[in-house]
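Asker: Submitted below is the structure of interest, expressed as structure tokens.
The numbers here are math on the coordinates, done by the rules we state, and not lab data. In this text, all values refer to a predicted model and were calculated from it rather than measured experimentally. Here the Cβ positions follow ideal geometry from the backbone for every residue, glycine too, while neighbour counts run over all protein chains shown.
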Amino acid sequence: MRDLLLQCSGAIAIMVALIHGVLGETKVFARSTIEPPRLRTLIRLVWQAGTLAWIGGGVLLIAAPYMASDVARHWIVATFVVVFAFAAAANAYATRGRHFGWMLLSGVVGLAIAGY
């Protein structure tokens with residue numbers, strides 16, 4: 001059961017990352033005016049680097065139950081609990097709780113802890 005919880009955590013993490021990337025491109029950067037254009041490109045790439053990192057975290061959470069090492073599983077879960085908990089707290093703080101992202105990220109954290 002705890003393996004399933006951990007894999008659900010990873011799947012939700014990937015879903016949240018994809019939503020993050022799409023909303024960034026369609027809502028945030030579509031409306032923003034950042035000059036010079038090179039800076040705009042840099043900020044977009046940094047935004048998408050976060051998206052890729054979350055996808056990587058989700059993949060590792062899904063793969064953790066298949067690893068032969070309990071130590072690797074615990075380190076993966078502990079690392080990404082901190083990463084996603086910080087992201088959830090930052091999202092809740094920055095949007096004053098009005099954006100659904102912090103709830104989804106908190107769900108990832110809760111499921112990962114339950115699958116620990």
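Asker: For residues that are surrounded by 11 or more Cβ atoms within 10 Å (Cβ to Cβ) and either within 17 Å of Leu105 (Cβ to Cβ) or among the hydroxyl-bearing types (Ser, Thr, Tyr) (or both), tally how many sit in segment 33-59.
Answerer: Residues of segment 33-59 that are surrounded by 11 or more Cβ atoms within 10 Å (Cβ to Cβ), as a first pass: 34, 40-44, 47-48, 50-59.
Those still in the list that are either within 17 Å of Leu105 (Cβ to Cβ) or among the hydroxyl-bearing types (Ser, Thr, Tyr) (or both) too: 41, 47, 50-59.
Residues meeting the conditions: 12.
Asker: Now a separate question. Go through segment 86-102 and report how many residues are farther than 17 Å from Leu52 by Cα and surrounded by 13 or more Cβ atoms within 10 Å (Cβ to Cβ). Spell out the reasoning first.
Answerer: First, the residues of segment 86-102 that are farther than 17 Å from Leu52 by Cα: 89-100, 102.
Now drop any that are not surrounded by 13 or more Cβ atoms within 10 Å (Cβ to Cβ), which leaves 89-92, 99, 102.
Counting residues in segment 86-102 that are farther than 17 Å from Leu52 by Cα and surrounded by 13 or more Cβ atoms within 10 Å (Cβ to Cβ) gives 6.
Asker: OK, next. Looking at Arg44, is it under 17 Å from His20 (Cα atoms) and over 11 Å from the mean Cα position of the chain (by Cα)? Even if it seems obvious, please write down each step before you answer.
Answerer: Details: under 17 Å from His20 (Cα atoms): yes; over 11 Å from the mean Cα position of the chain (by Cα): yes.
It is true that Arg44 is under 17 Å from His20 (Cα atoms) and over 11 Å from the mean Cα position of the chain (by Cα).
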